[in-house]
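These notes concern the structure reproduced below.
The values are calculated or read from the model by the stated rules, or taken from the named source; none is laboratory data. Since the structure is predicted, the reported quantities are computational estimates derived from the model, not experimental observations. Cβ: placed from backbone, ideal geometry, glycine included. Neighbour counts: every protein chain shown.
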Amino acid sequence: MINMDPFIIARVIHVIAIVLWIGGVAMVTLVLLPAIKRLIEPEQRVDFFEKIEGNFAWQSRITTVLAGGSGFYMLFQTGGWQRLSVDGSGWLHLMIFTWLLFTIMLFILEPLVLHRLIKSKAKRDPEGTFSMISRLHYVLLTVSLITVGWAVAASHGFIL
Ligand code: HEM
């Protein structure tokens with residue numbers, strides 16, 4: 001018999017959204033940025049990166065909304081905000097923190113502030129700006145992977 005439990009469907013959407021989103025962050029951090037550093041002249045790196053990353057930013061925005069929507073749905077099916085005050089719920093806080101971090105970056109900082117700031121900084125110091133972009137991606141990827149690992153372990157019974 002087919003079990004169409006909405007909670008399971010939300011979980012499937014949650015995980016697929018996260019695979020696409022964090023997988024994309026890993027690809028940008030570990031493959032795209034090092035390739036640009038190897039192949040492109042310092043003065044053109046930031047511009048080249050921004051042109052390619054523009055497409056991925058849309059994928060990230062859509063998957064962030066899907067991950068947040070399915071995540072909050074599951075949270076409110078299983079105790080809502082009260083669940084966040086239960087002992088051992090640090091992984092739930094971490095998921096929400098990571099999600100907020102990306103949401104603020106993708107929907108507020110990047111379009112309103114970062115894009116302009118990076119462009120003008122790249123004119124003055126192209127190499128330094130490109131290194132800063134790479135470092136920022138390493139930090140985001142590390143936080144995301146810790147979140148994924150902890151969430152999988154904790155939601156299947158691992159208690160820290
Ligand atoms: C608004 C943000 C988020 C909320 C409210 C949320 C909420 C949830 C909830 C309620 C569950 C199911 C827990 C249970 O078994 O009862 C879950 C599972 C999970 N979440 Fe999130 N989440 C959010 C964002 C994220 C982010 C940003 C990541 C990763 C970077 C993430 C990764 C996971 C993973 C890997 C699972 C476990 C899937 C499994 O093993 O079955 N979540 N989330």
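Of all the listed residues (Arg11, Arg61, Arg45), the sole one being within 13 Å of the ligand (Cβ to nearest atom) and basic (Lys, Arg) is Arg11. Cβ-Cβ contacts under 6 Å between residues 6 or more apart (or on different chains), taken from a first residue in segment 89-113 that is more than 18 Å from Gly157 (Cβ to Cβ) to a second residue that is of a type in the set (D, E, K, R) and in a helix (DSSP H, G or I), are listed as Leu106/Arg61. When segment 5-59 is limited to residues that are out of contact with any Ser or Thr (no Cβ under 7 Å at 6 or more places or on another chain) and among the aromatic types (Phe, Trp, Tyr), the one that is farthest from Ile118 (Cα to Cα) turns out to be Phe7.
Residue count for segment 138-152, restricted to those that are free of Cβ contacts under 8 Å to residues at least 12 places away in the same chain and near the ligand (Cβ under 10 Å from one of its atoms): 2. Among the candidates Phe76, Phe56, the residue that is modelled with pLDDT of 95 or more and assigned to a helix (DSSP H, G or I) is uniquely Phe76.
Among the residues making up segment 79-94, a single one is more than 19 Å from Thr147 (Cα to Cα) and either modelled with pLDDT under 95 or outside any helix (DSSP H, G or I) (or both): Gly79. Checking each residue in segment 128-137 for being in contact with a Leu (Cβ under 9 Å, 6 or more places away or on another chain) and away from the ligand (no atom under 15 Å from the Cβ) picks out Phe130, Ile133, Ser134. Tallying residues that are surrounded by fewer than 15 Cβ atoms within 10 Å (Cβ to Cβ), under 16 Å from the mean Cα position of the chain (by Cα) and among the hydrophobic types (A, V, I, L, M, F, W, C) within segment 27-57 yields 2.
Would you mind stating whether Leu136 is modelled with pLDDT of 95 or more, in a helix (DSSP H, G or I) and within 17 Å of Val28 (Cα to Cα)? When the stated conditions are applied, Leu136 passes them. Tyr73: within 23 Å of Ile36 (Cα to Cα) and touching a residue at least 24 places away in the same chain (Cβ under 8 Å), yes or no? No. Checking each residue of segment 69-87 against the condition of being away from the ligand (no atom under 13 Å from the Cβ), surrounded by 12 or more Cβ atoms within 10 Å (Cβ to Cβ) and of a type outside the set (Val, Ile, Thr) gives no match. The single condition from (1) within 12 Å of the ligand (Cβ to nearest atom); (2) more than 16 Å from the chain's Cα centre (by Cα); (3) assigned to a helix (DSSP H, G or I) that Ala122 fails is (1).
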